[in-house]
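These notes are about the structure you will find just below.
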Amino acid sequence: MIDNDKYEQIKNMTLEELVLCVMNKHSNNDNDEQVYSIDQVISKYSFFTRYSLNKAILEDNLPYFKIGSKKYFKKDDIELWIKKQQK
């Protein structure tokens, strides 16, 4: 049974927030990869803009996956892509 505080927290989440929460919780438990939305990538990696991120996807094959119409990126994929660009 879920307690009322957790229920209220989940009830007020958007679908995107819920998916990211579940995916990141699962990742942290398995020492797997963390997942970022476009806005999170832009805020974490200051050299990315929406334009440059989309350009990296289209021209440089930056891996991503979609849930609905939203794009998500695995942290390890971003880090690897950055290292490849620096060569």
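Quick note: the coordinates plus some simple rules give every number you see, no bench work behind them. Quick caveat: nothing in here was measured; it's all calculated off a predicted structure. Neighbour counts run over all protein chains shown; Cβ positions are idealised from the backbone, glycine included.
Of the listed pairs Lys11/Lys71; Lys6/Lys75; Lys11/Lys55; Lys6/Lys83, which have alpha-carbon separations greater than 32 Å here?
Numbers: Lys11/Lys71 23 Å; Lys6/Lys75 27 Å; Lys11/Lys55 36 Å; Lys6/Lys83 39 Å.
Checking Cα-Cα distances, Lys11/Lys55; Lys6/Lys83 exceed 32 Å.
Three principal axis extents, largest first, for the C-alpha atoms of region 4-86, in Å?
48, 26, 22
Check Leu62: other-chain or 5+ apart residues with amide H under 5 Å from its amide H, H built from backbone geometry?
It is Ile57, by chain and number.
What's the FRET efficiency of Met13 with Ser52 using the Cβ-Cβ distance as r and R₀ = 30 Å, to the nearest 0.05? Show your work: numbers first, answer last.
On the way: r = 29 Å, r/R0 = 0.97.
Efficiency, from the Cβ-Cβ distance: 0.55.
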